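Notes to accompany the following structure.
Just so you know, all these numbers are worked out from the coordinates, no wet-lab data involved. What you see is a predicted model; the values in this text were computed from it and never measured. A quick note on method: Cβ atoms are made from the backbone with ideal geometry, for glycine too, and the neighbour counts reach across all protein chains shown.
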């Protein structure tokens, strides 16, 4: 299939590379020249704009930082909606608020295009390995139609319900992720202060009731999990500022439906403190730095 792909960041680039490996033809666009060149070297066609990337495409995939970026990429004069043919489905894998996803679906529908929200879980490792989970919001027919595209990038493709529910699933998942990472960081730092070897503590947690993804795969203490960002200076993972954004989406959504989010609000403040001190680009597991200040 011929696919237009816009957004080649830490997640988008490996996702696009996997589509190339699956045999699809890609026209790609990103503001970063190095990202464009990486995809071009792998066989993708460089596009001069989102409009150009969407022109002639059978499918369009966007993977962008926030709703404002998705809106601009879709609606600008050189945006996707200005170049995409009628009947082409737009798949947005960004993490945005459910209301914006529904708004973008309406804009696309007005000119004869389906819009599916399909945010992902699995991190940069899952993006590179092609094992992502896609949480799909849209009609049953749209879900079935996008599965062949998404299967080139992920292993688990789940229909969550109508438009926007993919985003609901994603922000609820990341609400848990942000909270559990803060909890694991707090426990690991406490164990260090009380004199236990962090690797021993991590091993116990990962074979006991404290086990979770934040402890057994992404442990925030350096050296406990050799493949985790914490063991490479908190680089190359899911940025603190992105986690802060996602927790903001979750707490804002909670306010809109008058649903308490006590722990989410506290976690949001912790990541805000990280960002305010200049660590927003570090992986979100660097939150342990708030607890290990005396050892940093």
Task: Sites residue 46 and residue 232, calculated FRET efficiency, Cβ-Cβ separation with R0 35 Å, nearest 0.05 - done: 0.70
TODO: Kindly work out what percent of the DSSP beta bridges joining two residues of the chain are antiparallel, to the nearest 5.
DONE: 15 percent
Task: Net length gained if the chain between residue 33 and residue 76 were fully extended (0.36 nm per residue, minus Cα distance) - done: 13.5 nm
- [ ] Take every DSSP beta bridge whose two residues both sit in the range 2-161, then give the antiparallel share in percent to the nearest 5.
- [x] 10 percent
TODO: Please report the relative contact order for the chain, taking Cα pairs under 8 Å with a sequence separation of at least 6, and give it as a percent rounded to a whole number.
DONE: 13 percent
- [ ] Counting other beta carbons within 10 Å of each Cβ, put 205, 15 in order, fewest first.
- [x] 205, 15
- [ ] Starting with the fewest neighbours, write out 27, 214, 276 ranked by other beta-carbon atoms found within 10 Å of each beta-carbon.
- [x] 276, 27, 214
Task: Proxy reagent accessibility, fewest Cβ within 10 Å first, across 197, 92 - done: 197, 92
Task: Paired Rg and Dmax values of the range 132-213, which use every Cα atom, in angstrom - done: 18.4, 57
- [ ] At a temperature of 4 °C and a viscosity of 1.567 mPa s, determine how fast the range 148-193 diffuses translationally according to Stokes-Einstein, using the Kirkwood radius over alpha-carbon pairs as Rh; express D in µm²/s, rounded to the nearest whole number.
- [x] 98 µm²/s
Task: Convex hull of the range 58-114 built on C-alpha atoms - directionally averaged projected area, nm² - done: 3.3 nm²
Open item on the list: Let me check I have the definition right: for the range 1-148, take the eigenvalues of the Cα gyration tensor, multiply each by 5, take square roots. What are those semi-axes in whole Å, largest first?
Closed with: 21, 17, 14
Task: Mean ellipticity per residue at 222 nm, deg cm²/dmol - from DSSP H runs of n ≥ 4 across the chain, formula -39500 (n - 2.57) - done: -14000 deg cm²/dmol
Open item on the list: Quick one: the Cα spread of the range 153-296 along its three principal axes, in angstroms, biggest first?
Closed with: 49, 35, 28
Task: Where Rh is the Kirkwood radius over Cα pairs, Rg/Rh for the chain - done: 1.00
- [ ] With r as the distance between the Cβ atoms of residue 256 and residue 141 and R0 = 35 Å, compute the FRET efficiency 1/(1 + (r/R0)^6) and round to 0.05.
- [x] 0.75
